[in-house]
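Here the structure is laid out as structure tokens; the discussion comes afterwards.
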Amino acid sequence: MNHRLFYSEKWAPYFFVSPFVLAFLIFFLYPTASTINMSFHEVLGLNSSKFIGLDNYRRMFDEHFFNALQTNTIYTILSLLLLIPIPILFAVFLNSKLAKGKSIFKSVIFIPALTSVIVAGVSFRLMFGEADTALINSFITKLGMSPQNWILNYGTGMMLMVILNTWRVAGINMIYYLAGLQSIPEELYESAEMDGANVFRKFYWITLPLLKPIIIYTLTIGIFEGYRMFGESYVFWNEGMPGDIGLTIVRLIYQQAFQRNDMGMGSAIGITLLLIVLTVNLVQLKLFGLFNKE
């Protein structure tokens, strides 16, 4: 019976696909449907709730939500401005014949990706501490500048989160781009060189167009990761956040749902975040022509 099931042209595909379908239904579709339902209720207890319609969504749009949305948007844009060109340049360098010690260089760039965001964040927080003896403050003091309280300023706080994220993720994106570069036929570069193309022309007319699918992939993942960011904020502002410095949408969900026990409000913010990320990614995919028939 089992032998015939595995080799049956009719039933075998369904059998092998079923674990993925079940995982999708149990771990994604059901929680999403429950969250949507909860966003229209006031949760009174473990098994008690009251339908309140769109009240959670009306209460959600306050100053804190828009501050969090602004922080996530700026963080995402700045991260993408670094996490697309820098890994591409690293990958191009490692793919060139002139590069020496490629294995060591790849390891140095990729190792931060294996580091927990909390562990890395604590290290960054110590380096950028407000004390005069902290590493960065002691360095800028020697240059004649006054020490900074990095995490109590919106601009410098944003800089710390972006630098931490770039340091951790650049190695992953570099591997993606390096794999894409190694799949480009060498004959294309040789033909362009015979036609008189220099290094920059080959990069612009061959490398970038053929890396477009990987660029779109890293852009899509970067948008998703940017709007769901939590750890980079938490390690720098694990308690209070004066003036909503470092407040993100996921952090706002955590505050409402778990610290204030308002699960309905937290669910409403979560569904709104899902719609924002979905909309932004659909727009960028449309702009890149991913839905064109050709």
#### Entry: Top of 229, 127, 194 by mean-square fluctuation, Gaussian network on the chain, Cα under 10 Å
194
### Task
Could you tell me which of 200, 189, 226 has its Cα farthest along the dipole of region 189-294 towards the positive end, charges placed at Cβ (Lys, Arg +1; Asp, Glu -1), taken about the Cα centre?
226
### Test item: Cα-centred dipole of region 89-167, Lys/Arg +1 and Asp/Glu -1 on Cβ, debye
520 debye
#### Entry: Cα lying deepest toward the dipole's positive end in region 10-93, options 47, 36, 22, charges on Cβ
22
### For the chain, size of Cβ-based charge dipole, Lys and Arg +1, Asp and Glu -1, in debye
460 debye
### Task
Mind running the shape call on region 22-151? Use the C-alpha gyration tensor, a ≥ b ≥ c as the square roots of the eigenvalues: rounded below 1.5 for a/c, prolate if a/b tops b/c, oblate otherwise.
oblate
### Query
Relative to a virtual label point 7 Å from the Cα of residue 230 in the Cα→beta-carbon direction, which members of region 70-95 show backbone nitrogen distances below 19 Å?
70-73, 75-76
### Query
Can you list the lysines whose alpha carbon sits under 25 Å from that of residue 102, skipping same-chain ones fewer than 8 residues off?
202, 212
## Note on the structure
If unit charges are put on Cβ atoms (+1 for Lys and Arg, -1 for Asp and Glu) and the dipole of the chain is taken about its Cα centre, the option from 178, 287, 161 lying farthest towards the positive end turns out to be 178
### Query
In whole angstrom, how far apart do the alpha carbon centroids of region 256-294 and region 90-120 sit?
32 Å
### Query
Which distance in nm do the two modelled labels at residue 130 and residue 44 give, with both placed 7 Å along the Cα-to-Cβ direction?
4.4 nm
### Summary
Counting only protein heavy atoms and leaving out ligands, DNA and RNA, the solvent-accessible surface of residue 274 at a 1.4 Å probe, in Å² to the nearest 10, equals 80 Å²
### Query
Under a 1.4 angstrom probe, counting protein chains only, how are 279, 76 ranked by accessible area, largest first?
279, 76
## Note on the structure
The correct ranking of 218, 141 by accessible area at 1.4 Å, largest first, is 141, 218
### Summary
Highest GNM mean-square fluctuation among 114, 273, 46, for the chain with Cα springs under 10 Å, belongs to 46
### Message
Can you match percent of Cα pairs over 23 Å apart to one of these, (i) 68; (ii) 54; (iii) 49, based on a calculation from the structure here?
### Response
(i)
### Task
Would you check the accessible area of residue 193, probe 1.4 Å, heavy atoms only, in square angstrom rounded to 10?
120 Å²
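The values are calculated or read from the model by the stated rules, or taken from the named source; none is laboratory data. Every value quoted in this text rests on a predicted model; they were computed, and no experiment measured them. When we count neighbours, we look across all protein chains shown, and the Cβ atoms used for this are built from the backbone with ideal geometry, even at glycine. Ligands, DNA and RNA are excluded from the accessible area calculation, which covers all protein heavy atoms including side chains. Shrake-Rupley method; radii C 1.70, N 1.55, O 1.52, S 1.80 Å.
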